[in-house]
Amino acid sequence: MDEGRVDRETACPFLLRLFFRTGGHHSSNDYPASDVVPSDELQLYTWEDCTLRELADLIKEQRPQIRRPRCELSFAIVYPDRQGRAVVKEVGRLWVQTSSSRSTVDDTRTLHSLRFQTGDYVDVAVLGLD
């Protein structure tokens with residue numbers, strides 16, 4: 001089996017918590033403690049081989065307002081540093097509505113390749129809604 005590939009028939013998915021903000025990412029100050037998080041949350045179950053494109057498609061199902069042609073999603077991983085403070089690291093951008101000319105390498109990046117660990121969050125900046 002390829003590194004990072006998961007047998008989705010036998011492997012149990014994990015809970016992924018995504019937090020949204022229009023116009024840009026949340027700052028690390030918006031995640032002051034593990035039990036204090038932004039309010040606009042979406043919870044999904046997925047596997048570590050989930051791609052950013054798969055996440056975008058799942059988000060479109062739950063958030064129809066982002067299905068506009070010029071809408072772009074920017075993904076960031078939120079994880080604790082060595083002192084326990086939140087770090088928000090942008091990891092990829094993609095268009096919500098894709099065509100072959102708008103596909104990027106970010107479409108195929110997996111949570112595993114981004115070094116996502118169970119317990120981290122995904123911060124999603126929704127761009128281009130104005």
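For the subset of segment 10-47 comprising residues that are surrounded by 14 or more Cβ atoms within 10 Å (Cβ to Cβ) and of a type in the set (A, V, I, L, M), which member is nearest to the chain's Cα centre (by Cα)?
Taking the candidates together, the pick is Leu18.
I'd like to verify a number: residues in segment 59-93 that are in a loop (DSSP other than H, G, I, E, B) and farther than 15 Å from Thr22 by Cβ, how many?
Total meeting the criteria: 6.
Scan segment 57-65 and tell me whether some residue there is touching a residue at least 40 places away in the same chain (Cβ under 8 Å), surrounded by fewer than 19 Cβ atoms within 10 Å (Cβ to Cβ) and either touching a Gly at 6+ places or on another chain (Cβ under 6 Å) or not acidic (Asp, Glu) (or both).
Yes; the residues of segment 57-65 include at least one that is touching a residue at least 40 places away in the same chain (Cβ under 8 Å), surrounded by fewer than 19 Cβ atoms within 10 Å (Cβ to Cβ) and either touching a Gly at 6+ places or on another chain (Cβ under 6 Å) or not acidic (Asp, Glu) (or both).
Can you name every residue in segment 66-96 that is touching a residue at least 12 places away in the same chain (Cβ under 8 Å) and charged (D, E, K, R)?
Passing the criteria: Arg67, Arg68, Arg70, Glu72, Arg85, Lys89, Glu90, Arg93.
Being of a type in the set (A, V, I, L, M), buried (at least 17 other Cβ atoms within 10 Å of the Cβ) and either modelled with pLDDT under 90 or in contact with a Pro (Cβ under 6 Å, 6 or more places away or on another chain) (or both), is that true of even one residue in segment 96-107?
The answer is yes, given that some residue of segment 96-107 is of a type in the set (A, V, I, L, M), buried (at least 17 other Cβ atoms within 10 Å of the Cβ) and either modelled with pLDDT under 90 or in contact with a Pro (Cβ under 6 Å, 6 or more places away or on another chain) (or both).
If Gly24 passes every condition in (1) part of a loop (DSSP other than H, G, I, E, B); (2) at pLDDT below 90 but one, which one does it miss?
Result: Gly24 passes all but (2).
Checking the structure you have, find out if any residue of segment 69-81 is of a type in the set (Ser, Thr, Tyr) and touching a strand residue (DSSP E or B) at 6+ places or on another chain (Cβ under 7 Å).
yes
Could you list, in sequence order, the residues of segment 112-130 that are in contact with a helix residue (DSSP H, G or I) (Cβ under 8 Å, 6 or more places away or on another chain) and modelled with pLDDT of 90 or more?
Those that are in contact with a helix residue (DSSP H, G or I) (Cβ under 8 Å, 6 or more places away or on another chain) and modelled with pLDDT of 90 or more: Val122, Val124, Val126.
The values are calculated or read from the model by the stated rules, or taken from the named source; none is laboratory data. Remember, it's a predicted structure, so these values are computed and weren't measured experimentally. All Cβ positions, glycine included, derive from the backbone under ideal geometry; neighbour counts span all protein chains shown.
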